[in-house]
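Enquirer: To start, I am sharing the structure in question, which I have written as structure tokens.
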Amino acid sequence: MATKDSKPSYEAARDELAGIVESLEDGSATLEESLKLWERGEELAKICQEWLDGAKKKLDAAKKPAE
């Protein structure tokens, strides 16, 4: 598990985000809890996007012909 100062792996962030979505969809959380879950979900979505953007850059760089 990632420490508070480190970024979780893509898989860890994705799995935590999926759990948050399930929690929000089941409707059992209070409004305050739901807001906290939503905020954490936004953070995790950003982390996942950063990982995906980085992977795309690496793939694009690997596909460029050597000059």
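Enquirer: Cα axis of helix 10-26 to longest principal axis of the chain: angle in degrees, 0 to 90, nearest 10?
Expert: Tilt of helix 10-26: around 30 degrees.
Enquirer: May I pose another question? Using a 1.4 Å probe, what is the accessible area per residue for the chain, in Å²? Walk me through the intermediate numbers first.
Expert: Numbers: 5730 Å² over 67 residues.
With all protein chains present, the chain gives 86 Å² per residue.
Enquirer: Return the calculated 222 nm mean residue ellipticity for the chain, to the nearest 500 deg cm²/dmol, obtained by summing -39500 (n - 2.57) across DSSP H runs with n ≥ 4 and dividing by the residue count.
Expert: It lands at -26500 deg cm²/dmol.
Enquirer: For the chain, what is the charge dipole size about the Cα centre, in debye to the nearest 20, if Lys and Arg each add +1 at the Cβ and Asp and Glu each add -1 at the Cβ?
Expert: For the chain, the charge dipole is close to 560 debye.
Enquirer: How much length, in nm to one decimal, is gained on full extension between Lys57 and Arg14, taken as 0.36 nm per residue of separation minus their Cα-Cα distance?
Expert: Using 0.36 nm per residue and subtracting the Cα-Cα distance, I get 13.5 nm.
Enquirer: Using alpha carbons only, how many degrees (0 to 90, rounded to 10) separate the axis of helix 31-63 from the longest principal axis of the chain?
Expert: 10
Enquirer: Now a separate question. How many nm separate the modelled label positions at Glu42 and Ser23, each set 7 Å beyond the Cα in the direction of the Cβ?
Expert: Placing both labels 7 Å beyond Cα along the Cβ direction yields 1.6 nm.
Enquirer: When the accessible area of the chain is computed with all protein chains present and a 1.4 Å probe, what percentage of it is carbon and sulfur?
Expert: Details: 3250 of 5730 Å².
Solvent-exposed carbon and sulfur of the chain make up 57 percent of the total.
The values are calculated or read from the model by the stated rules, or taken from the named source; none is laboratory data. Remember, it's a predicted structure, so these values are computed and weren't measured experimentally. Cβ sites come from the backbone with ideal geometry, for glycine too, and all protein chains shown count toward neighbours. Quick note on the areas: whole protein, heavy atoms, side chains included, nothing else; ligands and nucleic acids left out. Shrake-Rupley method; radii C 1.70, N 1.55, O 1.52, S 1.80 Å.
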